[in-house]
Amino acid sequence: MAERIEAPYYPIIYVRGYAATMQEVEDTTADPYMGFNRGSTLLRQDYTKRPRKFIFESPLLRLIKDHHYEDAYRHGNDEYRPGEAAARSIWVFRYYEKVSSSLGSGQRRSMEQFGADLRAFILRVRDAVCATDQARKAFRVHLVAHSMGGLVCRCYLQQICRAGAPDPTDNPGLELVPGKPNDSLVEKVFTYGTPHNGIDILGINVPDIGAFDRLQLGNFDRDRIRDYLGLSDRQGANELGDAFPPERFFCFIGSNYRDYKAFFGLARQTTGPLSDGLVLMENAWVRGAPVP
């Protein structure tokens with residue numbers, strides 16, 4: 001039987017970032033943890049200025065070792081009977097699977113559909129963790145999102161839950177009632193490298209060109225962001241509105257443009273040095289949220 005659900009050790013759901021081409025989608029879905037299992041080994045100077053090897057463990061491994069979380073995958077899947085999964089569990093929201101040719105339809109999906117899929121996934125995690133009504137009342141999750149994954153989380157919070165939008169994916173059990181806000185079941189959100197205010201290339205916001213946009217770059221157009229977040233034209237794309245408390249929404253801002261050195265080799269020239277190579281620092285936070 002899973003342990004009691006109590007703060008701050010709620011289930012953690014990882015939400016990965018943008019995959020541009022269909023090949024990147026296939027590569028993404030082929031990785032069980034969608035990159036969150038990856039660390040790095042680098043040389044760093046110690047306090048005596050002597051170079052030493054330093055191993056940066058993946059966020060997945062650190063949670064398991066330092067905070068006694070459990071990986072949700074077992075026997076090749078993450079399927080559980082009610083109450084069978086641990087509260088301290090780590091889940092990966094694999095939203096690109098429905099886009100993949102090998103695992104899904106091979107067709108692109110909208111941000112609104114991704115947001116509704118996240119709702120269905122959170123409810124599935126709740127069912128796996130909770131066996132009683134008391135546990136369901138106490139259930140919350142932490143969302144940890146990279147890049148576009150942060151916009152997927154915001155679409156869930158600001159459109160799917162706040163507006164009580166009907167389910168565009170026809171998933172059963174979504175509990176979405178038009179015009180009636182839904183409890184997001186989210187305790188805190190952590191995003192890193194998320195273009196909350198869009199992506200600018202050479203000082204110009206990437207445009208939404210509709211059906212001609214085969215790579216869905218329009219998801220980072222500020223007008224399109226306002227659209228799938230349910231914001232008015234008077235609101236900034238990086239505003240949460242009244243959908244979620246900004247003090248519980250933490251934004252980590254990247255500052256190393258070399259992280260995207262493979263991005264046509266033009267990262268610094270296209271987005272500028274005050275960026276992580278793709279997302280400008282000024283675009284990587286939501287209004288009112290704590291930032292480092």
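The values are calculated or read from the model by the stated rules, or taken from the named source; none is laboratory data. All of these numbers come straight from a predicted model, not from anything done at the bench. No Cβ is skipped: glycine too gets one built from the backbone with ideal geometry, and neighbour counts run over all protein chains shown.
Do we have any residue at all in the range 237-250 that's modelled with pLDDT under 60 and in a helix (DSSP H, G or I)? Scanning the range 237-250, I find no residue that is modelled with pLDDT under 60 and in a helix (DSSP H, G or I), so the answer is no. Taking the criterion of being under 30 Å from residue 163 (Cβ atoms), surrounded by fewer than 18 Cβ atoms within 10 Å (Cβ to Cβ) and hydroxyl-bearing (Ser, Thr, Tyr), would at least one residue in the range 97-108 satisfy it? For the range 97-108, residues under 30 Å from residue 163 (Cβ atoms), surrounded by fewer than 18 Cβ atoms within 10 Å (Cβ to Cβ) and hydroxyl-bearing (Ser, Thr, Tyr): present.
Which ones in the range 141-161 are of a type outside the set (A, V, I, L, M, F, W, C) and farther than 19 Å from residue 60 by Cα? Reasoning before the result, please.
Of the range 141-161, the ones of a type outside the set (A, V, I, L, M, F, W, C) are 142, 146-147, 149-150, 154, 156, 158-159.
Correct list: 154, 156, 158, 159.
When restricted to residues that are within 17 Å of residue 112 (Cβ to Cβ) and surrounded by 14 or more Cβ atoms within 10 Å (Cβ to Cβ), the range 198-216 contains 3.
Scanning the range 1-30 for residues that are within 25 Å of residue 115 (Cβ to Cβ) and hydroxyl-bearing (Ser, Thr, Tyr) gives 10, 14, 18, 21, 28, 29. For the range 149-189, filtering for residues that are at pLDDT below 90, surrounded by 12 or more Cβ atoms within 10 Å (Cβ to Cβ) and touching a Pro at 6+ places or on another chain (Cβ under 9 Å) leaves 7. For residue 37, are the conditions met, namely being touching a Ser or Thr at 6+ places or on another chain (Cβ under 9 Å) and within 24 Å of residue 141 (Cα to Cα)? So residue 37 fits the description; yes.
Which is touching a strand residue (DSSP E or B) at 6+ places or on another chain (Cβ under 7 Å) and charged (D, E, K, R), of 117, 127, 46, 133? It would help to see each step written out before you state the result.
Details: 117 fails: touching a strand residue (DSSP E or B) at 6+ places or on another chain (Cβ under 7 Å); 127 fails: touching a strand residue (DSSP E or B) at 6+ places or on another chain (Cβ under 7 Å); 133 fails: touching a strand residue (DSSP E or B) at 6+ places or on another chain (Cβ under 7 Å).
Criteria check complete, one pass: 46.
When the residues of the range 269-287 are filtered to those that are crowded, with 22+ Cβ neighbours inside 10 Å and of a type in the set (Ser, Thr, Tyr), the one that is modelled with the highest pLDDT is 271. Among the residues of the range 39-98, those identified as closer than 30 Å to residue 4 by Cα and in a strand (DSSP E or B) are 70, 71, 74, 77, 89, 90, 91, 92, 93. Of all the numbered requirements in (1) in contact (Cβ under 8 Å) with a residue 12 or more places away in the chain; (2) under 19 Å from the mean Cα position of the chain (by Cα), residue 27 misses one, and that requirement is (1).
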